Amino acid sequence: MKTIFNKNTNSELIERIQTLKASDNAQWGKMDSYQMLKHCTLGEELFQGKKEYKRLFIGRLFGRMALKGIMKNELPMKKNQPTHPEFKISGTGDFNIEKEKWIGLLNVYNGFSNSNFIHPFFGKMTNEEIGIFVYKHTDHHLRQFGR
């Protein structure tokens, strides 16, 4: 299973991010390219412990089951999955700054560990689960924009 903690996998994702353009259109979903970048940088800040969000009640009920479904195979994440309200991005910003920020955050995963991490939907996650999920989430959004 691919993980963000693998140096080659991480580099491959960064190369794909570098090909993104502000004019790229989503193949599914409601976000434009800037909004997707912002959504992903907020996700990295969450996983790296730079931001925290309140645990969702629905996540307490179904989060572990949903995470197990994502972890059980190497298939990409399904399109149009629900997202935490804090990660729904609207508005505009500087595409290039956000792209560089995302790349910088992905570079932090080299040697990273967050063994006390609690996701607002999935709950407590191991480092292995974080690595796989971050890879799948990044891959999902790059596919969303044809990368």
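The values are calculated or read from the model by the stated rules, or taken from the named source; none is laboratory data. In this text, all values refer to a predicted model and were calculated from it rather than measured experimentally. Glycine gets a Cβ as well: all are built from the backbone with ideal geometry, and neighbour counts include every protein chain shown. Areas reflect the complete protein model, heavy atoms only, side chains present, ligands, DNA and RNA absent. Shrake-Rupley method; radii C 1.70, N 1.55, O 1.52, S 1.80 Å.
Computed about its Cα centre, the charge dipole of the chain is approximately 540 debye, with only Lys, Arg, Asp and Glu carrying charge at their Cβ. Look at the dipole of the chain built from charges on Cβ: of ASN73, LEU20, SER90, the Cα furthest out on the positive end belongs to ASN73.
Look at the alpha carbon pairs under 8 Å that are at least 6 residues apart: their mean separation over the length of region 27-97 gives a relative contact order of 64 percent.
Here is how the number arises for the chain: DSSP H runs of 4 or more residues each give -39500 (n - 2.57), the sum is divided by the residue count, and the result at 222 nm is -16000 deg cm²/dmol.
Dipole check for region 61-147: with +1 at the C-beta of Lys and Arg, -1 at the C-beta of Asp and Glu, and the Cα centre as origin, the magnitude is about 360 Debye.
Which entries in LYS21/LYS51; LYS7/LYS38; LYS51/LYS101; LYS7/LYS88 show an alpha-carbon gap greater than 18 Å? Those over the limit are LYS21/LYS51; LYS7/LYS38; LYS7/LYS88. For the chain, the per residue solvent-accessible surface stands at 56 Å², with DNA, RNA and ligands left out and a 1.4 Å probe. Between the Cα long axis of helix 127-144 and the first principal axis of the chain there is an angle of about 30°, rounded to the nearest 10. Cross-link partners for LYS68 among the aspartates and glutamates, with Cα-Cα distance under 16 Å and sequence neighbours closer than 8 places in the same chain left out: GLU128, GLU129. Computed from Cα atoms, the angle from the helix 33-47 axis to the main principal axis of the chain rounds to 30 degrees.
Peptides 26-36, 105-115 ranked from most to least packed give 26-36, 105-115, packing being the mean of other C-beta atoms within 10 angstrom over each peptide's residues. Is region 12-75 rounded, prolate or oblate when judged by the Cα gyration tensor, a ≥ b ≥ c being the square roots of its eigenvalues, rounded requiring a/c under 1.5 and prolate requiring a/b larger than b/c? Cα axes put region 12-75 in the prolate bin.
Classify region 20-126 as rounded, prolate or oblate, taking a ≥ b ≥ c as the square roots of the eigenvalues of its Cα gyration tensor: rounded when a/c is under 1.5, otherwise prolate if a/b is larger than b/c and oblate if not. Verdict is prolate for region 20-126.
What is the angle, in °, between the Cα long axis of helix 95-107 and the longest principal axis of the Cα atoms in the chain? Nearest 10 is fine, range 0 to 90. Tilt relative to the chain: about 40 degrees.
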